[in-house]
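Nothing in this text is a laboratory measurement; each read-out follows from the coordinates by a stated rule. Because the structure is predicted, anything quoted here is derived from the model rather than measured. Don't worry about glycine lacking a Cβ; one is built from the backbone with ideal geometry, like all the others, and counts go over all protein chains shown.
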Amino acid sequence: MRALSKLSVSQVMDALLPVLAVLAALVVGAIMLLALGANPVEAYGALLEGAFGSKNAVAETAVKAVPLLLVGLGICIAFRGNVINIGGEGQMIVGAILATLVGLSAPNWPGWVVIPLAMLAGFVGGAIWGAIAGLLKAYFRVNEILSTVMMNAIAVQVMNYLLRGPMIDPAQLELASKIPQTARLAEAFRLPRLAPTRLHLGAAIAVVLAILVYVLLWRTTLGYRIRAVGQNPDASRYGGVNVPQYVVMALLLSGAFSGLAGATQVYGLNYRMITDGSATGFTGSAGFNGIVAALFGQLHPIGTIPASFLFGALLVGANKLQRVMQVPSALITTLNGLVVVFVVSSEIWRRRRQRQRMTATMVKAEQEPSLSLESGADS
């Protein structure tokens, strides 16, 4: 009974680690605000008001959470397969490019046909970009962190070329200073919104997909094999599982959800692709922030839902914090960075604690038979 209660306390501590990590990051942020002569209580009050102070603020928080959740779902799949996908930015871009091409290629088609096709195109585009890294990892032993980061850079250059050339808005060709953007999609192709806010149907789609990813990972053979390969590839190989195939599948599915995130950004918010020449100009760093949201949600699809909403709130509220307190924009970037560092560090610590508990359990299990043999000999 005592061991059981000790285990439950450890599990509760593991679950609370991400929350404690965010609080620690906010404490460090408060010290920085004091150094700048700002009142931390007022600053964080402005942050909360910016994120939750009105119906429109909550809607904006949910809008920010949509790409984080979709990317985070892909990260859950990848990490469960013990592969690290840092390529969400590039996968979002490729998915958005293909989804935009669908809308621009069929401007007179009905929306109920084009929107599903565009979402599928975004899903496939991200899947292809993720699968390339998966193939390099599975069959050529190329580190997936390196390959996914490099493919982010390739995707950015492809986007810049297309948005300044073949896919540029025809109206921009007549201007001396051309904005790298596509033509605006037809109004019929826009995801339905909850008036008068910007909250679109993509939020509901993302939540439904989170439930489906949970079913995939814990209720299907495919998900079981991805998790088995992630936990012990050697044992999986011995059991007849094609390990390289499931490594590719993990990164393919991870990329697919990031690609879908890019498609929803186009069809739910911007109605065109536009960039400042960097990945962030289109993605808003959702490809990276989605990783943190997934880690905060304990790499569980359902846990990633509130985690994404929380980080959406931080991003939206931080904008009002900057306006009200008149602090440098660099502080907001630093605050977000602190949250990332603390959450990732808490996940590393949580995994280390789990390994220590597992080792202690195995040692105890090995000692118990010897103790029983000794007591039998004494009797």
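Some observations on this one:
- Label point at residue 355 placed 7 Å out along Cα→Cβ; residues across the range 57-93 whose backbone nitrogen lies under 19 Å: 79-85
- Paramagnetic label reach from residue 197 (point 7 Å along Cα→Cβ; backbone nitrogen cut-off under 14 Å): within the range 316-334, residues 316-317.
- Here the contact order of the range 1-141, divided by its residue count and restricted to Cα pairs under 8 Å and six or more residues apart, works out to 14 percent.
- Global geometry of the range 1-140, whether rounded, prolate or oblate, following the gyration tensor of its Cα atoms and the 1.5 cut on a/c: oblate
- Cut-off 13 Å, label 7 Å out along Cα→Cβ of residue 329, residues of the range 265-282 by amide N: 276, 281
- Folded to 0 to 90 degrees: helix 88-105 orientation relative to the chain principal axis, Cα: 40
- Pairwise FRET efficiency - residue 302 versus residue 82, Cβ, R0 = 22 Å, nearest 0.05: 0.60
- Near residue 79, once Lys and Arg are set to +1 and Asp and Glu to -1 for all other residues with Cβ below 13 Å from its Cβ, the sum equals +2.
- The residues 31, 211, 332, 115, when put in order of fewest to most other Cβ atoms within 10 Å, stand as 31, 211, 332, 115.
- If you take all other residues with their beta carbon under 14 Å from the beta carbon of residue 59, and give Lys and Arg +1 and Asp and Glu -1, the sum is +3.
- Applying 1/(1 + (r/R0)^6) with R0 = 30 Å to the Cβ-Cβ distance of residue 270 and residue 208 gives a FRET efficiency near 0.85.
- Long-range HN-HN contacts of residue 169 with modeled amide H, under 5 Å: 181, 182, 183
- Ordering 311, 189, 140 by the number of other Cβ atoms within 10 Å of each residue's own Cβ, fewest first, gives 140, 189, 311.
- A value for volume of the Cα convex hull per residue in Å³ was derived from the coordinates, and within the list (1) 152; (2) 140; (3) 180 it appears as (3).
- Between 0 and 90 degrees, the angle of helix 286-296 with respect to the longest Cα principal axis of the chain falls at about 30 degrees.
- Gyration tensor (alpha-carbon) shape descriptor, the range 238-379, a/c threshold 1.5: oblate
- Against the chain, whose longest principal axis comes from its Cα atoms, helix 111-140 is set at around 50 degrees.
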